[in-house]
Structures are given as C-alpha cells and as structure tokens.
Amino acid sequence: MQINSFDEYQKVYKQSVEQPEEFWAGIADTFKWRKKWDKVLSWNFSEPNIKWFEGGKLNITENCLDRHLEKNGDKPAIIWESNDPEKDSVTLTYKILHEQVCRFANVLKKNHVKKGDRVCIYMPMVPELAVAVLACARIGAVHSVVFGGFSAKSIADRINDAQCKLVITADGAFRGAKQIQLKEVIDDALIGCPSVEKVIVLTHTRTPVSMLKGRDLWFEDEIKLVDTYCPAEEMDAEDMLFILYTSGSTGKPKGVVHTVGGYMVYAGYTFSTAFNYQPDEIFFCTADIGWITGHSYIVYGPLSQGATTLMFEGVPTYPTPARLWEVVDKHKVNILYTAPTAIRSLMGFGNEPVDGADLSSLRVLGSVGEPINEEAWHWFDEHVGKKKCPIVDTWWQTETGGLMISPIAFVTPTKPSYATLPLPGVQPVLVDEQGNIIEGNDVSGNLCIKFPWPGMLRTTYGDHERCKLTYFSTYENLYFTGDGCLRDADGYYKITGRVDDVINVSGHRIGTAEVENAINMHAGVVESAVVGYPHDVKGQGIYAFVIFPNPHSDADLSRKDILQTVTRVIGAIAKPDKILFVSGLPKTRSGKIMRRILRKIAEGDTSNLGDISTLQDPGVVDEIIDKARQL
Ligand code: 7RM
C-alpha cells in the first residue's frame, strides 16, 4: 500500500481501527488467491486462537514468483553479492528464480518431503538459501532456518523439537575473514537426530566434507535429475509456513509459528508501505536469512511485491570498513535497511570510508533490531543519508512477523531514537504493572498490542500452552511484547528495551537463562547469573557472574574454558563479554537471585543499589563490587 500524506495516514489509520476487517480485506485483495477467504478474522487472545483469511486458498510462492513472470520475468529478483569483493555478483531474474525454486522443490519431493513435513535449513547467505526456503513453501513443507552462528547442540535441539525430516546445508560459509564448517556442525548435530532421513549439501567453500552413504546428497547432483517445473501446492491460509526459533526468558528457545496467508499479507504490506518501495528500485536488507528480518525483508516481503532484493554474503567491515558503502554504490542501492550495531561499528572507523563513497542512489534508510541511540541516528542521517533520506526506525519482533511501529518514509515524521507511530492496522497500548491501560501522552509502560494483525504468531511449535503463557497471560486480552516503551507528548513511541530476562546483543535476542544453563554445564561451575550491560557497539554485552570454586591458577584460562563451553552449547553469538568469578550471588532468603543488583554492578553504577537488607548474605555484594572494579 502506498500512503501519500500525513493526513491520509491518519485517515487510513482511523479506518484500520474502526473497520479492521475491511481494512485487511482490502490489503489481502492485492495478492493472488486461488480461492478467496470466507471469513477475514476470528480471534480470541485467551486461548489464544487467531485465524486470518479462513477458507482462503493460495501458495505464497505464486505470489512471490509466478504472478510476476508475465510482466517482470526478466526483472532481477535477487542480486547476490559475495563475501569476496573480487568475485562476480550473481543476478537471478524472476524467471530464473522461478525455475530454480521449481527444480529444488522437485528435489525435495524426490526425497519424500511432503506437505506439512519440517525441513531444517542451515546455509550460508547464498541465493540457494532463498531458493531452499521458497522450494519448501512451494510444496507446503515447513522450513525452520537456523542461523549459521548456532552450535551443533542448538541445531539438534531445534531439529528434534520440530522433528525435521530433511536438512539442507552447505560444505561451509564465508563470513568476513572467517570460514564456518557448516557440514561438520550438521554431522555433529545429526548424531542425536533420528528424525532426519536425508541431508542435501551445496558446495560453496569447497572444503572437504564427509558424505554419509544413503543419507547425504549433493545439491548440484540432485538438481540435474528433476523437472524445471513444479506445480505449487494449494495451501489453506492458516496452514503453517515456517517455524523460527527465538529466545525468551526461559532456558529453551521457542519455535515461533507463522502461517501462509496472514504472514504473506503482512510481510508484503509492511514492506511496500513503510519503505515506500518504487518499481525498479534496489532494496538492500543487511540481515541474515537466519533471523526474522531476513525472512520478511530479504525474501517474502520484497519478492511478494515484485521488488529487487540484494542479498549480501559478507559483513559490512570486510575486507575494509568501506565495504558496505562499496556494495551500495556498486549496485546503486536505493533503500538500505540495517541494524544500529552495524552503524555503530562503522562509526568507529571514522568518517573517511563513508565520506569517500558516493551513496547518491540512496533514497530511504531503515534501522531494526534494537533501540538506535541518537548519536548513531544522526551519523546515519548525515553521513549515509546526506540529510535527505528518511530513516525508518522499525520496531517489531520474530513474533509479529513484520514491522509494527515505524515511520512511513516521506509520509509520517521521523524523530531520532523513536519508532514513532503504529502502521495502519496496528493497535499498541501501554500498561502499568497491574495491567491497567495507560491513556494519554507523556507516559511510559509495558508495550502490548490489543488487536490481532495478520502477521502475528499463531502458536509456539508443539507447545501451545507456552505461547499462551509467554504472550497472552501477563495481561488479560492483550499480546505482551516484553518491551518497555514511552509515548511522548506528541504520541510518538520510543522503545526503551526488554523488561524481561532477554538481552539484545547486536540485535540478536539471547535469554539470560539460556546462557546460564550453558555456563553451568562447565564442570567447574557451581552456579552463575547472567545480565546485560550497556556496550558501545553491540548495544548490550553479556556479563556473567560465576561461582567457580577452584579456578585454574591462571583465571583467564578458566574464562576461556567457559567461553568454549558456551560456544559448544549455544554458539559463538552467546559468548559472555565479561566473566567475573565470585564466591556467592546476591540472593533473597527464598533463594531468588537479585538481578537488579547485578545489573547495577555490571553497569558500573553502585551508588544506589536499593534495599539489600532482604538478602541472605548482604556481605556478598561488597565482594562482588570489589572484584568487578578490578575486572
Ligand atoms: C526484528 C527483530 C525483537 C526485539 C524487540 C525489541 C528489539 C527490534 C527495535 C527494537 C527498539 C527497534 N526481531 N527491537 N527492533 N528495539 N527499536 N526499532 O529484531 O525477535 O529478533 O527481536 O528486538 O526489544 O522485542 S527479534
């Protein structure tokens, strides 16, 4: 949808709240359905039970591929830029992408994957990853993409939770100067995954890999044996499209479930509306497809709108801190969607790399994943956007499927560090601790959403109760986001960060309980407590307080052992930035760790720790403060 003025936004917003079903039916009408829905919406937040476009029949890949062929078959769908700047980029037109998806869908069928089966995808950022995702959707298989930074154990847990039948991977991945041995990690994972029957392996880094007879197949061989056309499976709007695991406040990641119809409508609508995408523009989202941002704004959102999406294998600072700008100039990128952590890390290299680039193709900028601080916002605005590109600071979550609170480029105002206003169709509310809705402006509270939207999660895989408890039980009849938020005097929203035990490291969600579980697996560890603390580049860093009675004489070696354990159990992305060995943790008499105190110590602010008289042993606090100063 394209909205053209602030006035029009207000009108459309009002209509979307007063007549939500009409509003969403109008958006859904712009997509291709084999059969239109019987009912736009039925819902309750108490079970929860949410159904959008019930009775509707469709296939999302017909919307992302087939429907563009006639007019835009030769238009680039995906442009791929390698990690290695010397390597040629690759362009897949809609026609070519369609054929590759069909072929790979036939490969999946040939290997007995059927509608409803779960497929795990663990791949580098190469076009075949998008092909694999879409091929699953083509035949109605449910994809579960796992980010390349997760360990074998994390993958095994996810594969077992979803009972995946097949795994798609590659020999390895390049990321900056590093290589990741993907197949080796998968081999380790599959020792404990009896549900997996077949593994399809793409060659990419050409690193030697073990290929198990009867289980492992080469992507390149398989693709030669099949037809170039595969009919799209007819799906119900509420059939499952994918599972994506995300961390919460418990030790175990949840499989967030999205369904075909609502997710498609929401990803497409938010993409075209907020970024103001124009035909023939190049859209560049720097996320990895292993995260929701990549699902919605590299693959499904742009392709459903017939856009050209740029997929970048590398990292913004490799081989030089000018790389991201070189990619923008090389491909004449019009819309650049990235993360505050990337902006802050690039800022750290000074202005020379960015000011030396042209960047005149840029028209719109976007930010996602964590609160963007004012300094980074202004640097992005001045040095990248040259003060003429609106910055859409998009707040949303894995669970929301797409953007929720965000400026609309050229239409609604921007404000540094504010996600600003809800998109039409989104009804945010702030609540106090008791769950009372806070009316009026210049207030803050916990952010909830009071009415369903098509892109919202439907359940958490295999455990509906958990979905209910996590999102729909804290406050009655509201979806609880887990975020704190303020609404300023003008009614603009600013997300202030998580209010639960989730930390956000470089835009990646990590549960403190998950990290604690991993640390506690180390043989020498008795107990640990993990909190987030402000980090200049990552937004938040991970601070671990660890009871480790007999550390190695060189404490640093013991720290490294713990880091190795966390890398094995979760993956390198969850490694603590700081580890402090302590003899005890601040606990209440009932045995609960007072994280509030640890957070303060981690922040370096010990002037006002509040009431510590209820602690079992208040003396432990002085010891921790003392040791923290020396770290
Ligand atoms: C898209 C994504 C979700 C959490 C969310 C917030 C934080 C995301 C913003 C933001 C402030 C933003 N999905 N968050 N976007 N905070 N401003 N624009 O990141 O599931 O991985 O994370 O990220 O805390 O709850 S996610």
Next on the checklist: Just to check your reading of the model, which residue among I562, I570 is in contact (Cβ under 8 Å) with a residue 60 or more places away in the chain and either within 16 Å of the ligand (Cβ to nearest atom) or in contact with a Pro (Cβ under 8 Å, 6 or more places away or on another chain) (or both)?
Outcome noted: I570
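Just checking, how many residues over region 424-437 are out of contact with any Ser or Thr (no Cβ under 6 Å at 6 or more places or on another chain) and within 22 Å of Y277 (Cβ to Cβ)?
So in region 424-437, the residues out of contact with any Ser or Thr (no Cβ under 6 Å at 6 or more places or on another chain) come out as 426-437.
Now drop any that are not within 22 Å of Y277 (Cβ to Cβ), which leaves 426.
Count: 1.
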Checklist outcome for this item: Taking region 496-540 and keeping residues among the polar types (S, T, N, Q), in a strand (DSSP E or B) and within 16 Å of the ligand (Cβ to nearest atom) leaves T496, N504, Q540
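Can you tell me which residue is surrounded by the fewest Cβ atoms within 10 Å (Cβ to Cβ) among those in region 73-131 that are more than 27 Å from the chain's Cα centre (by Cα) and assigned to a loop (DSSP other than H, G, I, E, B)?
Taking the candidates together, the pick is E86.
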Checklist entry - Somewhere in region 253-261, is a residue farther than 17 Å from V368 by Cβ, away from the ligand (no atom under 16 Å from the Cβ) and in a loop (DSSP other than H, G, I, E, B)? => result no
Checklist entry - Taking region 581-610 on its own, how many of its residues are more than 27 Å from D561 (Cβ to Cβ), in contact with a strand residue (DSSP E or B) (Cβ under 8 Å, 6 or more places away or on another chain) and outside any loop (DSSP other than H, G, I, E, B)? => result 1
Item to check | Out of K224, K254, sole residue that is under 28 Å from F150 (Cα atoms) and charged (D, E, K, R) | outcome: K254
Item to check | Residue pairs meeting the criteria (Cβ under 6 Å; at least 6 apart or on separate chains; first more than 17 Å from K36 (Cα to Cα), in region 257-281; second among the aromatic types (F, W, Y)) | outcome: V257/Y461; H258/F242; A267/Y300; N276/F410
Checklist entry - Restricting attention to region 436-472, which residues are surrounded by 15 or more Cβ atoms within 10 Å (Cβ to Cβ) and out of contact with any strand residue (DSSP E or B) (no Cβ under 8 Å at 6 or more places or on another chain)? => result F451, W453, H464, K468
Next on the checklist: Cβ-Cβ distance below 6 Å, separation of 6 or more or different chains: which pairs start in region 382-400 with a residue that is touching a residue at least 60 places away in the same chain (Cβ under 8 Å) and within 18 Å of Q427 (Cα to Cα) and end on one that is within 6 Å of the ligand (Cβ to nearest atom) and of a type in the set (A, V, I, L, M)?
Outcome noted: T394/V368; W395/A419; W395/I495; T398/I292
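The rows are residues; the columns are (1) outside any loop (DSSP other than H, G, I, E, B); (2) within 12 Å of the ligand (Cβ to nearest atom); (3) closer than 18 Å to G491 by Cα; (4) basic (K, R).
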residue: L359; (1), (2), (3), (4): no, no, no, no
residue: L362; (1), (2), (3), (4): no, no, no, no
residue: G366; (1), (2), (3), (4): yes, yes, no, no
residue: E382; (1), (2), (3), (4): yes, no, no, no
residue: K387; (1), (2), (3), (4): no, no, no, yes
residue: V392; (1), (2), (3), (4): yes, yes, yes, no
residue: K415; (1), (2), (3), (4): no, no, yes, yes
Next on the checklist: Would you confirm whether or not region 473-493 contains a residue that is over 20 Å from Y13 (Cα atoms), outside any strand (DSSP E or B), more than 12 Å from the ligand (Cβ to nearest atom) and charged (D, E, K, R)?
Outcome noted: yes
Checklist outcome for this item: Taking region 394-413 and keeping residues among the hydrophobic types (A, V, I, L, M, F, W, C) and near the ligand (Cβ under 10 Å from one of its atoms) leaves W395, W396, L403, M404, I405
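Looking at G507, G462 in this structure, which one is of a type outside the set (V, I, T) and modelled with pLDDT of 95 or more?
Just a single option satisfies the conditions, and that option is G462.
Residue-wise test of (1) in contact (Cβ under 8 Å) with a residue 12 or more places away in the chain; (2) within 16 Å of the ligand (Cβ to nearest atom); (3) within 22 Å of W396 (Cβ to Cβ); (4) hydrophobic (A, V, I, L, M, F, W, C).
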{"site": "E439", "(1), (2), (3), (4)": "no, no, no, no"}
{"site": "L447", "(1), (2), (3), (4)": "yes, yes, yes, yes"}
{"site": "E465", "(1), (2), (3), (4)": "no, no, no, no"}
{"site": "Y471", "(1), (2), (3), (4)": "yes, yes, yes, no"}
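The values are calculated or read from the model by the stated rules, or taken from the named source; none is laboratory data. For clarity, every value in this text was computed on a predicted model and none was experimentally measured. Note: ideal-geometry Cβ built from the backbone for every residue, glycine included; neighbour counts use all protein chains shown.
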